[in-house]
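Report on the structure given below.
The values are calculated or read from the model by the stated rules, or taken from the named source; none is laboratory data. Small disclaimer: the values here were computed from a predicted structure and weren't measured. In this analysis, Cβ positions are derived from the backbone assuming ideal geometry, glycine residues included, and neighbour counts consider all displayed protein chains. Remember, those area values only see protein heavy atoms, side chains included, never the ligands or the DNA or RNA. Shrake-Rupley method; radii C 1.70, N 1.55, O 1.52, S 1.80 Å.
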Amino acid sequence: MPELTEARVAPERSAWIPPPSPGAVTPNLAEYRAARRSFSWATARAELDGLPGGAGLNIAWEAVDRHAAGTHAELVALRWLGRDGTRREFSYADLSLLSNRFASALGGLGVGPGDRIVSLLGRVPELTIAALGTWKLGGVFCPLFSAFGPEPIRTRLEKSGARVLVTTPALYRRKVAQNRAALPSLEQVILVGEDESSAAADQVRRWSTLMTVASPDFRIPPTDPETAALIHFTSGTTGMPKGALHVHEAVVAHHVTGRLALDLHPGDVFWCTADPGWVTGTSYGIIAPLTNGVTSVLDEADFDARRWYEILARERVTVWYTAPTAIRMLMKAGPELAREYDLSALRFLASVGEPLNPEAVVWSQGVFGRCFHDNWWQTETGGIMIANFAAMEVRPGSMGRPLPGIDAAIVRRLADGGVEEITQPDRVGELALRPGWPSMFRTYWNEPERYAKCFVGGYYLTGDLARRDADGYYWFVGRADDVIKTMGHLIGPFEVESALLEHPAVAEAGVIGKPDAVAGELVKAFVALKGGFTPDEALRRDLLGFARTRLGAVVAPKELTFLPVIPRTRSGKIMRRLLKARELGLPEGDTSTLEEPAHGNT
Ligand code: ATP
Ligand code: MG
């Protein structure tokens, strides 16, 4: 493998952001090395209760029932903000009872352990209730993103072998009904919401009717921690999405990472903006805040900068977990907007899903007086693996350090098919993890060979390239598939995109390698501009020059094209493989997860 040219040297020490001075709340992870030394997964497991009588471990018990049976019974577990301004609150006791009803209802339909229950819902409380009820029953919950079109929905229903679908009348009519006959295993469709006129004709059931007659008493059967609990399809950034299977034992990692990486404390108001159709929205939108006994905010509406600041201010959100794409949109809306709101309740800000550009970290420190803490994980890892912790200085551009209980390494693949660890600092290789943490996926659903390929030489290989500095901070370089090879150097697109983002005209950038007879590949950039800037030749030249000054001639883009928007997955990730396919006139591959106005998928 040729040496990787660092497009940008890691920020100077002077750019590092120290932890805020001690406030009223002491971070859960106060000292990194000590926390790692004293950590064991067995001790972490002991933070949870387990089912009464030693009957195993069930996510729903840890998330709601144990709180409902204790002092948290009347605490608000879920605060739902409807698109139209409606506001509904559910206590831990409410969620416990409603999920009992849903589990009873499923049982009454003959649904049982191991059956797959798929949701196709927006951000509504019924989704949380359906997930919890499914776990109580021993079913496998599989949330789908409601903005998918009919075809991606059909393939995921088929792939998961869904027996039950929980959705709304409108989504059912528009996106499922036409394919129902092709889905013989889909026996039950449960519709949430009022417009249910077509119920009888379409062989569907009403959520409201089922829930009214279902018993509020449900006893969770003994649950082996290795019982399947969740199938999550990946974002499809690099190809056909895979269904990662997770088990009840995962709750140990959800709980601990919520406490250590998101610094959840009693009394917190937590807002995870991710959609529960993606793994973040389940692990940290549903499970971790509930096991940690905090109040979780769920907003039904789509992104809107003003609405988001209003929510942060009005709900007195203390811990906020969001994604780089949203942060870049807030940056685009300008710091003045943020300053209109009282955001003084915010204590901890975290980001996941994509590399968080150093620019965004520095921006947030200026605007909120607190910076975003990047963390890294995947659908496959089920929970946060590498993080910037509250008590740690933040090095803008770094993903942080591995969680206690997580052993990460940088490895190089060998010609004989094995791998070798790279121990020297600052060398680029593939990010690898030692298997064995509780929320590790147990397989790719019905794709065991694909699963087996992820494990080599005692490591789980993540498919991401990274480097580790001398202090153990990890720096994301790129997905192995996205890395650009030019003139004998490897270049991570993220570094080039970050440099372009420093230009005042740039809202978003996506960078690819374009085949070139001389260089192997040449660096090509696609740029979407902020409002008020014109995509003309002068600006194009200015941007190329700007990048060359920052990155040097080898690394800087040689070509630059303006686009109205950069194609992203529906979970917000830049789809570089699509930029490349379009540039080269190649087939676009699987675009089921593409978020693009022109795509007409919704
Ligand atoms: P697919 O596997 O189908 O191509 P995907 O990898 O995008 O899709 P996810 O599991 O949702 O699906 O995303 C995990 C990936 O997202 C990581 O492997 C990494 O490439 C990227 N990612 C997540 N968090 C970060 C982060 N903090 N910094 C850089 N990259 C990140
Ligand atoms: Mg992936």
**Request:** Output the number of the condition that A250 fails; it satisfies all remaining conditions of (1) more than 22 Å from A162 (Cα to Cα); (2) touching a residue at least 60 places away in the same chain (Cβ under 8 Å).
**Result:** (1)
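A quick yes/no check of all residues on (1) within 16 Å of ligand 2 (Cβ to nearest atom); (2) modelled with pLDDT under 90; (3) touching a helix residue (DSSP H, G or I) at 6+ places or on another chain (Cβ under 6 Å):
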| residue | (1), (2), (3) |
| --- | --- |
| V496 | no, no, no |
| L501 | no, no, yes |
| F526 | no, no, yes |
| T561 | no, no, no |
| R582 | no, no, no |
| E588 | no, yes, yes |
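Could you tell me whether G239 is within 16 Å of ligand 2 (Cβ to nearest atom), surrounded by fewer than 22 Cβ atoms within 10 Å (Cβ to Cβ) and either over 12 Å from A288 (Cα atoms) or not hydroxyl-bearing (S, T, Y) (or both)? Reasoning before the result, please.
Numbers: within 16 Å of ligand 2 (Cβ to nearest atom): yes; surrounded by fewer than 22 Cβ atoms within 10 Å (Cβ to Cβ): yes; either over 12 Å from A288 (Cα atoms) or not hydroxyl-bearing (S, T, Y) (or both): yes.
So G239 fits the description; yes.
Matching residues to (1) in contact (Cβ under 8 Å) with a residue 40 or more places away in the chain; (2) within 25 Å of R570 (Cβ to Cβ); (3) of a type outside the set (F, W, Y):
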residue: L120; (1), (2), (3): yes, yes, yes
residue: G133; (1), (2), (3): yes, no, yes
residue: E151; (1), (2), (3): yes, yes, yes
residue: R154; (1), (2), (3): no, yes, yes
**Prompt:** Limited to the range 466-480, what total is found for residues that are open to solvent by 10 Å² or more (accessible area, probe 1.4 Å) and not in a loop (DSSP other than H, G, I, E, B)?
**Reply:** 5
**Prompt:** Which ones in the range 330-360 are touching a Lys or Arg at 6+ places or on another chain (Cβ under 9 Å) and within 14 Å of ligand 1 (Cβ to nearest atom)?
**Reply:** L349, G353, E354, N357, P358, A360
**Prompt:** Name the residues in the range 517-546 that are open to solvent by 50 Å² or more (accessible area, probe 1.4 Å) and acidic (D, E), would you?
**Reply:** D536, E537, D542
**Prompt:** Which of (1) farther than 22 Å from P225 by Cβ; (2) assigned to a helix (DSSP H, G or I); (3) among the aromatic types (F, W, Y) does W61 not meet, given it meets every other one?
**Reply:** (1)
**Subset of the range 481-504 [buried (at least 24 other Cβ atoms within 10 Å of the Cβ) and either of a type in the set (A, V, I, L, M) or more than 16 Å from ligand 1 (Cβ to nearest atom) (or both)]** = I484, I491, V496, A499, L500
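Just to be sure, is A93 open to solvent by 40 Å² or more (accessible area, probe 1.4 Å) and assigned by TED's automatic domain parsing to the domain that holds P222?
no
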**Message:** at pLDDT below 95 and β-branched (V, I, T): which single residue out of T234, T257, T223 fits that description?
**Reply:** T234
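Here's the yes/no breakdown for (1) under 26 Å from the mean Cα position of the chain (by Cα); (2) more than 20 Å from G285 (Cβ to Cβ); (3) open to solvent by 20 Å² or more (accessible area, probe 1.4 Å); (4) outside the structural domain of L298 (by TED's automatic domain parsing):
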residue	(1), (2), (3), (4)
W80	yes, no, yes, no
L97	no, yes, yes, no
F102	no, no, no, no
S119	yes, no, no, no
A130	yes, no, no, no
A182	no, yes, yes, no
**Request:** Report, by residue number, each residue of the range 394-408 that is among the polar types (S, T, N, Q) and either part of a loop (DSSP other than H, G, I, E, B) or away from ligand 1 (no atom under 14 Å from the Cβ) (or both).
**Result:** none
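Yes or no, residue by residue, for (1) at pLDDT below 95; (2) assigned by TED's automatic domain parsing to the domain that holds L501; (3) more than 18 Å from H265 (Cα to Cα):
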residue	(1), (2), (3)
E310	no, no, yes
R314	no, no, yes
V319	no, no, no
P324	yes, no, yes
M331	yes, no, yes
R339	no, no, yes
L349	no, no, no
P358	yes, no, yes
**Prompt:** Which of the residues belonging to the range 224-240 are more than 7 Å from ligand 1 (Cβ to nearest atom) and of a type in the set (V, I, T)?
**Reply:** T227, I231
**Request:** Go through (1) surrounded by 20 or more Cβ atoms within 10 Å (Cβ to Cβ); (2) free of Cβ contacts under 8 Å to residues at least 60 places away in the same chain; (3) in contact with a Leu (Cβ under 7 Å, 6 or more places away or on another chain) and name the single condition V428 misses.
**Result:** (2)
**Prompt:** Of these, I386, I327, I311, which one is away from ligand 1 (no atom under 16 Å from the Cβ) and crowded, with 17+ Cβ neighbours inside 10 Å?
**Reply:** I311
**Request:** Go through (1) more than 16 Å from G492 (Cα to Cα); (2) among the basic types (K, R); (3) free of Cβ contacts under 8 Å to residues at least 12 places away in the same chain one by one and return the number of the condition R548 breaks.
**Result:** (1)
**Message:** So T549 ticks every box in (1) among the polar types (S, T, N, Q); (2) under 31 Å from the mean Cα position of the chain (by Cα); (3) surrounded by fewer than 18 Cβ atoms within 10 Å (Cβ to Cβ) but one. Which box is left unticked?
**Reply:** (2)
**Prompt:** Got a number for residues in the range 389-402 being open to solvent by less than 20 Å² (accessible area, probe 1.4 Å) and either assigned by TED's automatic domain parsing to the domain that holds A499 or over 17 Å from V477 (Cα atoms) (or both)?
**Reply:** 4
**Prompt:** If you scan the range 365-393, which residues turn out to be more than 30 Å from P448 (Cβ to Cβ) and assigned to a loop (DSSP other than H, G, I, E, B)?
**Reply:** G369, R370, C371, N388, F389, A390, A391, M392, E393
**Asked** Only one of (1) open to solvent by 30 Å² or more (accessible area, probe 1.4 Å); (2) closer than 30 Å to K332 by Cβ fails for E420. Which number is that?
**Response** (2)
